[in-house]
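To start, the structure under review is shown below, and the notes come after it.
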Amino acid sequence: MKTINLIIGAVFILMSSCTVNAPKTTRPVDLVYPQLDTENSRWIFFSSACRPFGMVNLSPDNKADTDWGSGYRYEKDSIQFFSHIHGWQLSGVPVMPVNGEFKGHLGSKVYGSKYSHDDETVKPGYHSVFLESYGIKAELTSTTRVGFHRYQFPASEESYILLDLATLLGPSGTVKARATKVTDKEIQGYALMDKTTRRPKQISVYFNIQFDTEFEQMSAWKDGQLSGKTDEFEGSNGGVYLKFDTQKEKTIQMKVGISYVSEDQAKLNIQEELPHWDFDRVVKESSEEWNSYLSRIEIEGGTPEQQRRFYTDLWHALLGRRIISDANGKYCDMTGAEPRTRQIPLDEKGKPLFNHHNSDSFWGAQWTISTLWSLVYPQITSDFVNSMLLMYDDGGLIPRGPAGGNYTAVMTGASSTPFIVGAYMKGIRNFDAAKAYEGMKKNHLPGGMMGKAGYEHNTANGGGIEYYIERGYVPYPLLPKMGFHQEGAAQTLEYASQDWCLAQMAQSLGKQEDYDYFMKRSSNWKNLYDAQSGWIRPKGLDGKWKEPFDPYQYQNGFVEANAAQTTWFVPQDLKGLAELMGGKDKMAAQLEASFVEAEKLDFTSGTAHSKELHPEYKRIPINYGNQPSIETAFVFNHIGYPWRSQYWSRKVVDQAFSALSPDRGYNGDEDQGLMGSLAVLMKIGLFEMNSGAEQRSVVELGSPVFDKITIHLDSNYYSGKTFVIEAKNNKPENYYIQSATLNGESQQNQWIFHDVITKGGKLVLEMGNAPNKNWGDTE
């Protein structure tokens, strides 16, 4: 089956050479391949006409009636509409240019249009398609908070731009809406998007839409019936459409400003970000902004395909975790009973001190974005920490994955803790550390985030934190079921790791009593190590081991994983795990056997999220298609076998993170930059086992794919200008580090302190095809 897949992939690349092969230009932005893995998209995965972390994420939707498997889907042959928000549990403002007999009231599966990839151009910040059903060329770009459209209409008796305020849109439906004519070139309104299982409250998306051409009239539909000309539509299950004079071919441009605060704020976002009508200028500026972000890491060497995939991974790392605050710093706080408008503090020039972000969970961030952002984009890390503290001020808890100002309680534990502590330990401290500690500590106690199961919105019982404190583990099963992911063994290990991180912050702040308390708790994972089986094993309320026990059984005590994958989730105490396993050699042998078995399935539980529950795939012992075991290749670094980290990390890259086609990419859920960041880190040969939460943050070494990597450091945070990694004699088979020098001095350790890297310098690695077992001190 794998041979067939490889052949199909090769054929696809040859047939699509005009799209996939590296272009002549060498700008990083031009190497990005946005359609990677888009046959497996979910709503939040793909955005083309979008700025880094943009509030507007404008792109075509080929399927929109579900959260999973929706949004831009490469394999679909028609476009339903273009919508402006593809965020974590957020969606809104679908529009479509049409002509001929109006069919908007019949639904998007009727009024949508056929299209062909032959007539499509996709780049970061730009998307162009030809709508075959209407003969319309549609072009999309954006600023951070404004979508910008350019439609080339053919000559036609009837041409319209519709706004569908009835459709199911990814994660949520539209409860009700209003659209009001302001002038013959402007409308405004809102759509109340329904709550979801994950986002517990409805949320309003406000819009202001402006045209460079007058429309002749605004009409509406409701309940599948046309209701005629109107200056305002308000209600449910309807929409509006604007008629334009296209007796001759005509290009019409449209700006769509959005806000979660008000219509006036949506208009202000247009005034602040897009006061002109120069579409090509915005396309150019978007490309330049993306290039400035992507160019923070320069690479040399590798194949053209490897370079394209690298910058596509980096693009994903900067794409999905959306801004929700307006240009002037106003934002909607949804943590209380009613929406409240809040204001981000302003600097001396009257500009917001930071952007407010919402996103999917930080579950797995300790091994991905925490490392990448803090090193290369510390301002982003700072913004996210301040966003979390803003929400703590508003609602009393630091979130683990907010959506539109709502708490979602996504996944498990206090996943924000390693991210915040890691930032602090790396010197990113332009936030209130005392407040951050206060909020994190609250999350680690009853009533906080550790008390909540996944999507447990109104109580804090399903997390089992009281049992964890009193008994030293979270029981499985824990009834009644209060939410998702009530998987006691995995929760225990996650809490213990996060407790260790919080303890480091306590020590740094001089809170010795708290340090001792959370350090003791960080050993709770030992209560679930089963010496007889050699794996972490769930225990019930009665203190007895789960029977029967199969370490490859999916879930049943483990969150989106099995015991074989989760056992290694002890980043804070891998030496302790080695002791329980009978020594480092025995632990290394067990982990090696897991990798050998996982390699048979390319280290992933299938090639897409929809396949991970396949009876064979879900029994894989290491899964790089989801977060629970993505640290495992680097575990060898901590038990005296760094050459195995070098080997297996490179193997994982080769087999799991090297595809360059629409039908494969991340082999699961990319999770808004988590897996893109992981791929980047593995390809440049850097990793952090504990989110950098050590008293002096540690970055460990892997096996870089490229001959030379230059990281441009942010002078606002770090004293160095660049950190260069040079891999000499770096060939596809040369996985192993033979020797190393750092700034001209011998480097024997397989790790470097973060503050040494950020002072700037050069690491030179001599690579070879056989392991040097004498290189790489792990102490």
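Summary table below
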{"read-out": "Inter-residue pairs, beta-carbon under 8 Å, first part of a helix (DSSP H, G or I) and in region 109-121, second open to solvent by less than 30 Å² (accessible area, probe 1.4 Å) and among the small types (G, A, S), 6+ apart", "value": "Y111/G104"}
{"read-out": "So A409, is it farther than 22 Å from E688 by Cα and either touching an Asp or Glu at 6+ places or on another chain (Cβ under 7 Å) or acidic (D, E) (or both)", "value": "yes"}
{"read-out": "Residue selected from region 190-218 under the condition in a strand (DSSP E or B) and free of Cβ contacts under 8 Å to residues at least 40 places away in the same chain, by the criterion nearest to the chain's Cα centre (by Cα)", "value": "L192"}
{"read-out": "Scope region 122-155; condition in a strand (DSSP E or B) and open to solvent by 20 Å² or more (accessible area, probe 1.4 Å); matching residues", "value": "V122, K123, Y126, F130, K137, R150, Q152"}
{"read-out": "Subset of region 506-527 that is within 21 Å of I420 (Cβ to Cβ) and hydroxyl-bearing (S, T, Y) - its residue that is least open to solvent (accessible area, probe 1.4 Å)", "value": "S522"}
{"read-out": "Members of region 679-713 that are among the aliphatic types (A, V, I, L, M) and touching a strand residue (DSSP E or B) at 6+ places or on another chain (Cβ under 9 Å)", "value": "V680, L681, I684, L686, M689, V698, V699, L701, V705, I709, I711, L713"}
{"read-out": "Output for region 52-77, where each listed residue is assigned to a strand (DSSP E or B) and either open to solvent by less than 20 Å² (accessible area, probe 1.4 Å) or within 16 Å of V122 (Cα to Cα) (or both)", "value": "N57, L58, S59, P60, D61, G71"}
{"read-out": "Sole exception among (1) in contact with a helix residue (DSSP H, G or I) (Cβ under 7 Å, 6 or more places away or on another chain); (2) open to solvent by 10 Å² or more (accessible area, probe 1.4 Å); (3) not in a helix (DSSP H, G or I); (4) not acidic (D, E) for F558, by number", "value": "(2)"}
{"read-out": "Where N716 falls short, out of the listed (1) touching a Ser or Thr at 6+ places or on another chain (Cβ under 6 Å); (2) within 18 Å of Y377 (Cα to Cα); (3) open to solvent by 10 Å² or more (accessible area, probe 1.4 Å)", "value": "(1)"}
{"read-out": "Of residues in region 227-253 being in a strand (DSSP E or B) and either open to solvent by 60 Å² or more (accessible area, probe 1.4 Å) or acidic (D, E) (or both), the one nearest to Y151 (Cα to Cα)", "value": "T251"}
{"read-out": "Every pair of residues 6+ apart whose Cβ atoms lie under 7 Å, when the first sits in region 351-377 and is in contact (Cβ under 8 Å) with a residue 24 or more places away in the chain while the second is of a type in the set (F, W, Y) and outside any loop (DSSP other than H, G, I, E, B)", "value": "H356/Y331; H357/F384; F362/F419; A365/F419; Q366/F419; S370/F419; T371/F687"}
{"read-out": "Candidate set: region 601-615, residues that are part of a loop (DSSP other than H, G, I, E, B) and without any contact (Cβ under 8 Å) to a residue 12 or more places away in the chain; chosen: the one surrounded by the fewest Cβ atoms within 10 Å (Cβ to Cβ)", "value": "P615"}
{"read-out": "I737 open to solvent by less than 10 Å² (accessible area, probe 1.4 Å), at pLDDT 95 or above and closer than 19 Å to T371 by Cβ", "value": "no"}
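The values are calculated or read from the model by the stated rules, or taken from the named source; none is laboratory data. The structure displayed is predicted, hence computed values, not measured ones. FYI the Cβ positions are ideal-geometry reconstructions off the backbone, even for glycines, and counts take in every protein chain you see. All accessible areas refer to the heavy atoms of the entire protein, side chains included, with ligands and DNA or RNA removed. Shrake-Rupley method; radii C 1.70, N 1.55, O 1.52, S 1.80 Å.
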